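*Asks:* Quick one: the structure is below, questions incoming.
Read-outs: derived from the displayed coordinates by stated rules, not from any lab. Remember, predicted model here, so these are calculated numbers, not experimental data. Using ideal geometry, Cβ is built from the backbone for each residue, glycine included, and neighbour counts are taken over all protein chains shown.
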Amino acid sequence: MTKNLTVDEGWVPDACTLPTIEQPLRREEFDDLFAQDVIRIDHVSTQQFRLELRADPVVAARAATLAAKETGCCSFFTFQLTLSDGQISMTVSAEGAHEPVLAALAARVHAKIGVGA
């Protein structure tokens, strides 16, 4: 079972296969996305939240690249990028055992959202 994680612990679960030395760099990538490009977060359920991102092709590409990299080391995450009607959103999901990880990630979004805007 995944332990409860806080924003300060960096929401990195034991199940993550990313080498420890690379984890701060990945956290920084997420922090930059959250601070510069997230407009809003909507909590869909305890297993899912949706980020509204700035409507910019570069942002969509950056979000997609980051999601692909993250699923390579934390396969329990599911990312869905949606581009529709000039808007970009990314839905992040994790199943039951990983809800604490998802909650810690959402808390990090709240802590960082808009600070670089």
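*Asks:* Place a +1 charge on the Cβ of each Lys and Arg in segment 30-80 and a -1 charge on the Cβ of each Asp and Glu, then give the dipole magnitude about the Cα centre in debye, rounded to the nearest 20. Please report the intermediate quantities before stating the final value.
*Replies:* Values: 5 positive and 7 negative charges, 22 e Å.
Roughly 100 debye, rounded to the nearest 20.
*Asks:* Three principal axis extents, largest first, for the C-alpha atoms of segment 21-112, in Å?
*Replies:* Sorted from largest, the Cα extents of segment 21-112 read 35, 31, 24 Å.
*Asks:* Something else: Would you mind checking which residues have amide H under 5 Å from Ile39's amide H? H placed 1.01 Å from N; only 5 or more apart, or other chain.
*Replies:* Result for Ile39 returns Glu52, Leu53, Arg54.
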